[in-house]
Amino acid sequence: MSHTSPVGEPRVRTVLWPIVRRALRQPRSIAVVDDQRTWRYVDLLGGALHVAKYIQAASDNPHVGVLLPTGGAFPMTMLATWMLGRTLVPINYLLSASERQYITKHAGLDLVVTAGPMLDFLGDEPQGVTLMKLDELSFKGIPPLRLPAVASADDLAAILYTSGTSGKPKGVMLTHENLRSNIEASAEHIELTRADCFLGVLPQFHSFGLTALTILPLAVGSKIVYTARFIPKQIVDLFRKHKPDIFMGIPQMYSALLTAKDAGPDDFKSLRLAVSGGGPLPMATFDKFRERFDVAIHEGYGLTETSPVVSMNQLNQHRIGSVGRLIPGCSACVIDDHGKKLPAGEEGEIALAGPNIMKGYYKQPELTAEVIRDDGYFITGDWGKLDEDGYLYITGRKKEMLIIGGENVFPREIEEVLDRHETVAASAVIGREDPVRGELPIAYVEMVEDATFDEGALRAYCRQHLAGFKVPREILLIDKLPRNPTGKILRRELIAMTEGSTNE
């Protein structure tokens, strides 16, 4: 007897089933509007059946590579992969050719589903890898019907490769239970309904874009408006046209929207929830966005290793400066350097547990053992605290902490001050070794358009808002801060620049 049924809940909890169920219940509802076309739920499901047929004919490899722009073709291919009981391996098209080749080899891929416009990103066709171009396949006729392959909740749904800010990308293994528990808890936490319309620009190879802006809305039965390129004016136009209820983005997107000169509060009045994740949201961005557009950005927290959502500020329960309360089923504690749990209000390293914690790093059991304790807690590497009401606060990455004259200082505290200055568009702070103080803070700043760089004025501003030992010893002008493809600042490059200038 089959474990799946078109009318009931299967005994095996795969992440595929909630989306298939929605497609069966509301086949003609709009699922996706992207830069090319409109997809109904039946279009996604029918297309997935076609793609599953082609994948099955091309390869029996349990891993399926996907390199596609943000849009409806990605979830179609995702569903096809899971219908076959296989593992999705999204490839970040913004990585270098050598990094993509590393992922292809490390994951053991022999098939990558892509499209013609993406071939420029690929460069030379990887040796031993078949490129299946969706735009060259036929989708005519009725696709062969198939019941989704039975999978265990502990089977791999996806391997997501981190952006590799410190070394080679790591393959994060996420199970069906990881992803399904995360979307169910997130939907409950922020009270999603099928009436909600999402606007999405985040790349779907990223955990934020995959879970929160693809799997989650499709499982709820919502409509998603995708665009593959983030251009502030075009995003504002999409707000005006589609009137989305929910927008999720990284902090740099909210900063960029402030540059849209003709945008105003009326353009964003449909929003009931604006979520920021993928990195710390500067208070200056929060304040400017609320002042100009009358929208309070709700900051959340997550990691690829946690599927990714851990916490999020909820409607009417927003605590500024916090990343919100934990989603249902997720637990957290704050520990000291010896692994001892600390009481509420004390800062330490954040550890997390729950059904959303990854299975481990692919082919790296030793590294997995370093970050997942015997009691199941995942050691995040993030520093922060929990308050008495269960709100989580992130201070920064433990490895980025500066020790200045014996005092612990996190770059974010200094960056928050610099970012509030009217001439500063963005900043990043690193440490430079010092024989007397241990380390000294060095700041790099991007200036807003047409602003004049004045190091003395910026240091004076910092002295007004920071203790003397936290004031940057030097503030250096930079055209663009180095960032990875998902917007995170590459501090190692700034450190190399600083060391290079010191040694000259």
request  = Answer with one residue from Thr87, Gln101, Gly141: the one whose Cα lies farthest towards the positive end of the charge dipole of the stretch 80-155, charges on Cβ with Lys, Arg +1 and Asp, Glu -1.
outcome  = Gly141
note = So for R0 = 45 Å, FRET eff. of Lys261-Asp374 from the Cβ-Cβ r, to 0.05, ends up at 0.20
query = With each pseudo-label sitting 7 Å past Cα toward Cβ, what's the Asp336-Gln364 distance in nm, one decimal?
reply = 3.0
request  = Starting with the highest mean, order 184-190, 486-492 by the number of other Cβ atoms within 10 Å, averaged over the residues of each peptide.
outcome  = 184-190, 486-492
request  = Scan around Gly381 for amide H atoms under 5 Å from its own, H built in the peptide plane at 1.01 Å from N, and keep only partners 5 or more places away or cross-chain.
outcome  = Ile350
Student exercise, the stretch 300-445 dipole from Lys, Arg, Asp, Glu Cβ charges, in Debye to nearest 20 = 420
ask   = Which of the lysines could a cross-linker span from Lys288 if the Cα-Cα distance has to be under 27 Å and same-chain partners fewer than 8 positions apart are dropped?
value = Lys233, Lys241, Lys243, Lys261, Lys269, Lys385, Lys470, Lys480, Lys488
request  = Return the Cα extents of the stretch 362-424 along principal axes one, two and three, sorted largest first, each rounded to a whole Å.
outcome  = 47, 31, 27
request  = Compute the length gained on full extension between Glu388 and Gln127: take 0.36 nm times their separation in residues and subtract their Cα-Cα distance, giving the result in nm to one decimal.
outcome  = 88.4 nm
Sequence of Trp82, Trp39 once ranked by neighbouring C-beta atoms within 10 Å, starting from the fewest = Trp39, Trp82
task = Could you give the size of the charge dipole of the chain about its Cα centre, using +1 on the Cβ of each K and R and -1 on the Cβ of each D and E, expressed in debye and rounded to the nearest 20?
result = 1780
inquiry  = Taking a ≥ b ≥ c as the square roots of the Cα gyration tensor eigenvalues, with a/c under 1.5 meaning rounded and otherwise prolate when a/b beats b/c, else oblate, which class fits the chain?
reply    = prolate
inquiry  = Just to verify a number: FRET efficiency for Ala58 and Leu477, C-beta to C-beta distance, R0 = 45 Å, to 0.05?
reply    = 0.30
remark   = Between Glu446 and Arg40, the two model label points (7 Å from Cα along the beta-carbon direction) sit apart by a distance in nm of 4.3
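Only the coordinates and a few stated rules stand behind these numbers; no lab work does. A quick note: this is a predicted structure, and the numbers were derived from the prediction, not measured. Here Cβ is always computed from backbone atoms with ideal geometry, including for glycine, and neighbour counts include all displayed protein chains.
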